[in-house]
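J.: Sharing a structure here in structure tokens format.
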């Protein structure tokens, strides 16, 4: 193994979340000038802006908001697609009825398409 590969400053350090003041005691090589007394012992202190105790992903707040938004968008798209499909079916029915009326004669009999006969 290589010598002097790992740092010598590996020591217990306290990380404190600034949002909710949660503290975590772990080992680290991070350099800091601040200290905190935890359980009667002074430890170096590193302040962090966000941690697992305040991040929306880990607290579940983001998940609830995100899921509700996705479900609402999905339902809105489904309703819009159904309305569009119904409108297209209604328009197709109107066109078919109009086309059938165009191919009927005065006695409501269907007119055969093709070459007109001379002796009608």
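The values are calculated or read from the model by the stated rules, or taken from the named source; none is laboratory data. Owing to the predicted nature of the structure, the values given are computational and were not obtained by experimental measurement. As a convention, Cβ positions derive from the backbone with ideal geometry for all residues, glycine included, and neighbour counts pool all protein chains shown.
J.: Count, please, the residues in region 33-75 that happen to be surrounded by 10 or more Cβ atoms within 10 Å (Cβ to Cβ) and at pLDDT 90 or above. Spell out the reasoning first.
T.: Pass one, region 33-75, residues surrounded by 10 or more Cβ atoms within 10 Å (Cβ to Cβ): 34-38, 41-48, 50-59, 61-75.
Next, from what is left, pick out any that are at pLDDT 90 or above: 34-37, 41-47.
Final tally of qualifying residues: 11.
J.: Mind checking which pairs have a first residue in region 21-46 that is over 14 Å from residue 11 (Cα atoms) and a second that is part of a loop (DSSP other than H, G, I, E, B), Cβ under 6 Å, 6 or more apart or different chains?
T.: What qualifies is 22/53.
J.: A further question follows. Please give the number of the condition residue 101 fails out of (1) modelled with pLDDT of 75 or more; (2) part of a helix (DSSP H, G or I).
T.: Residue 101 satisfies every listed condition except (1).
J.: Among the residues of region 1-19, how many are surrounded by 12 or more Cβ atoms within 10 Å (Cβ to Cβ) and either assigned to a loop (DSSP other than H, G, I, E, B) or modelled with pLDDT under 85 (or both)?
T.: 2
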